[in-house]
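Notes follow the structure.
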Amino acid sequence: MEFPDYVKAKKRTNEKILNENYEFNINLRDLGKDKTYYLKTYGCQMNEHDSENIKAMLENMGFTAIDDYETADLVILNTCSIRENAHNKAFGMLGRLKHIKENNNPNLIVGLCGCMAQEEGVIDEIVHKYKWVNFVIGTHNLHHLPEVLNLSIENNKQEVEVFSKEGSIIEGIPVKRDSKYKAYVNIIYGCDKFCTYCIVPFTRGKQRSRNGKDIIREVEELVKDGYQEVTLLGQNVNAYGKDFDYDYNMENLLEDVAKTGIKRIFFMTSHPWDFTDGMIDVIAKYDNIMPFIHLPVQSGSSRILKLMGRRYTKESYIELFDKIKEKVPGVVISTDIIVGFPGETEEDFKETLDLVEHCKYDSAYTFIYSPREKTPAAALTNQVDEKVKEERLQRLNELINKYSLESNEKILDKTVPVLVDGISTKKGELFGYTNTKKLVNFTGDESLIGKIVNVHITDVKTWSIDGESVE
Ligand code: SAH
Ligand code: SF4
Ligand code: F3S
């Protein structure tokens, strides 16, 4: 048993991160024979990708996936801590699972992993009030899933294994990718930025980069297997390589990934502070690096940005934004914005609206500030009233929507390349994404799935884009 510890989780040491290889305990290969599993994923792309690892580890033990948690033998929740509502969703699901375990299936095995597993408060609650949860496994030791699951079954008691200090980088964890055409590739784990509102540096640990050669090898294999697209993942991909004792950074990595010949490269998320001119040049130089950048700003008020610990001002952000727009032709830029950070005044909020007016973002994720356990901002006494936060969110969204529509209108009547993902929920249509991550529904033959095809855009709205494939 090992429980999360926030003091340890916050520490950043100079200890060298080791690279190790995943080893599967062959004795566990029949643990899931004739058994089914249901995996529920909350949170970001990092969690989605971790879930692709979880699926492969479970299937290597003989478990079979099903869509219905009510009849599954094993249910795993891969959780997210970023805001209160992510928490509430996971706890709501635990409530439903408790009911099933008590009434229909006493043998149901329930496991919890992901970022909430790293939270002291959550695990305290699980250990004391959710004794029926069979196991908890943290983000740093996810590769121990087979062993921890096995122990909880063998000992017939709750098993908790959460490391608060980041472990090694584990290569070779099996993966069952959700798509045959596009893939997530981790390039950097953890985060050292400690933005004052954010829990991620606690739940994901110290910033640590994967070796370039391991990343390139993975992308080369994806190319061989017919993959068209990769998304390079990290909480802050621009910090890639900063933890190496040799010179190799995001600019170098992007260039090397581009040279593998993979058709489309996306990367996220980019912290503005680490965005270099060299990166901008590489993005502009290679046709297979997509002209799409997610560049979270969080606030337009330099005063609030300082309190958030974001390390840039409104002015320096705008300077970077304008430079990217100027140097990368046709670039589409999206952002994240938080409203109602403690102490945010109407004046501060107006600065955010003003910044949005300047940047005219193609799209944005907007959030109401949510206090997170043990983060510095949660301890501030000048929290903003809920009603004020909601009203600001609404005003902000109106402006964001206006510019999203304007952005979509730019491709109306144009023909754009789309990677065809699959069959749309709209009857008889396909769906896919443009090279600027815009979702398009369009008419076309099913044989196009998995290919990059030209689509003529016939109609655009704030939330939808329609088209027809052209040969
Ligand atoms: N690493 C990325 C973002 C990760 S979290 C970055 O630095 O930009 C995704 C988004 O969630 C953040 O960009 C932020 O807008 C939002 N977020 C993070 N913590 C939050 C909190 N406590 N309350 C509300 N939104 C939050
Ligand atoms: Fe959180 Fe800031 Fe790190 Fe992003 S950069 S994960 S917002 S601490
Ligand atoms: Fe959530 Fe953890 Fe991602 S907190 S946003 S799942 S890194």
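Values quoted throughout were computed directly from the atomic coordinates according to the rules given, and no laboratory measurement underlies them. Because the structure is predicted, anything quoted here is derived from the model rather than measured. Here the Cβ is made from the backbone with ideal geometry for all residues, glycine too, and neighbour counts use every protein chain on show.
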| Cβ-derived FRET efficiency at R0 45 Å, GLU154 paired with GLU398, nearest 0.05 | 0.20
| said: Could you check the spin-label model distance between GLU147 and GLU102? Points 7 Å from the Cα along Cα→Cβ, value in nm. | reply: 3.5 nm
| Cα gyration tensor of region 6-161, axes a ≥ b ≥ c as square roots of the eigenvalues: rounded (a/c below 1.5), prolate (a/b > b/c) or oblate? | oblate
| request: Starting with the highest mean, order 243-249, 89-95 by the number of other Cβ atoms within 10 Å, averaged over the residues of each peptide. | output: 89-95, 243-249
| task | Mind checking which lysines have their Cα closer than 20 Å to the Cα of LYS374? Skip sequence neighbours fewer than 8 apart in that chain. | result | LYS8, LYS10, LYS11, LYS165, LYS193, LYS206, LYS306
| remark: Nearest-0.05 FRET efficiency for GLU347 and GLU48 at R0 = 45 Å, using Cβ-Cβ distance, is 0.75
| query | With the radius of gyration and the Kirkwood radius both derived from the Cα set of region 287-391, what is their ratio Rg to Rh? | reply | 1.01
| field | Residue among ASN454, LEU439, ILE423 farthest towards the positive dipole end of region 415-469, charges placed on Cβ | value | LEU439
| query | In sequence order, what are the phi-derived ³J(HN,Hα) couplings for region 427-438 according to the Karplus relation 6.51 cos²θ - 1.76 cosθ + 1.60 with θ = phi - 60°, rounded to whole Hz, with x for glycine and proline? | reply | 4, x, 10, 9, 9, x, 10, 6, 6, 10, 6, 8
| note | Taking alpha-carbon centroids only, region 54-115 lies from region 206-247 a number of Å equal to 30 Å
| query | Within straight cross-link reach of LYS101, meaning Cα distance under 22 Å, which lysines are found once same-chain residues fewer than 8 apart are removed? | reply | LYS33, LYS35, LYS40, LYS89, LYS129, LYS131, LYS157
| request: Counting other beta carbons within 10 Å of each Cβ, put TRP273, TRP463 in order, fewest first. | output: TRP463, TRP273
| request: Set Lys and Arg Cβ to +1 and Asp and Glu Cβ to -1, take the dipole of the chain about its Cα centre, and tell me which of GLY226, ASN238, LEU412 lies farthest positive. | output: ASN238
| message | Going 7 Å from the Cα of LEU405 along its beta-carbon direction, which residues of region 442-465 have the amide nitrogen within less than 18 Å of the resulting point? | response | 458-465
| remark: per DSSP, antiparallel bridges as share of beta bridges in the chain, % nearest 5, sits at 30 percent
| remark: Counting sequence-distant residues (5 or more places) and residues on other chains, those with an amide H built under 5 Å from that of ASP421 are PHE431, GLY432, TYR433, GLY450
| said: Could you work out the relative contact order of region 6-161? I mean the mean sequence separation of Cα pairs under 8 Å and 6+ apart, divided by the number of residues, in percent. | reply: 21 percent
| note | Log entry: pair-distance distribution for the chain, C-alpha pairs binned every 10 Å from zero, whole % per bin is 4, 18, 28, 28, 18, 4, 0
| request: Past 24 Å, Cα to Cα, is the threshold; run LYS327/LYS438; LYS314/LYS402; LYS180/LYS461 against it and keep the listed order. | output: LYS180/LYS461
| note | The size of the Cβ-based charge dipole (Lys, Arg +1; Asp, Glu -1) of region 97-204 about the Cα centre, to the nearest 20 debye, is 420 debye
| remark: Of the residues ASN382, ILE188, PRO201, the Cα lying farthest along the dipole of the chain towards its positive end, which is defined by charges on the beta carbon of Lys, Arg, Asp and Glu, belongs to ASN382
| query | Please identify the GluC sites (Glu not before Pro) of region 68-134 that satisfy two criteria: DSSP loop assignment and at most 16 other Cβ atoms within 10 Å. Which are they? | reply | GLU70
| task | Averaging sequence separations of C-alpha pairs under 8 Å and six or more residues apart, then dividing by the length of region 194-282, give the relative contact order as a whole percent. | result | 34 percent
| message | Could you give the length gained by full extension between ASP277 and ILE318, i.e. 0.36 nm per residue of separation minus their alpha carbon distance, to one decimal place? | response | 13.3 nm
| note | The exposure ranking of ASP348, ASP30, fewest beta-carbon neighbours within 10 Å first, is ASP30, ASP348
| query | Does region 121-213 classify as rounded, prolate or oblate by the C-alpha gyration tensor (a ≥ b ≥ c root eigenvalues; a/c under 1.5 gives rounded; else a/b over b/c gives prolate, otherwise oblate)? | reply | oblate
| query | What FRET efficiency, computed as 1/(1 + (r/R0)^6) with R0 = 25 Å and r the Cβ-Cβ distance, is obtained for LYS224 and SER464, rounded to the nearest 0.05? | reply | 0.10
| field | Burial order of peptide ranges 280-286, 132-138 (average beta-carbon count within 10 Å, highest first) | value | 132-138, 280-286
| Helix-only [θ]222 nm of the chain, DSSP H runs n ≥ 4, -39500 (n - 2.57) each, per residue, nearest 500 | -10500 deg cm²/dmol
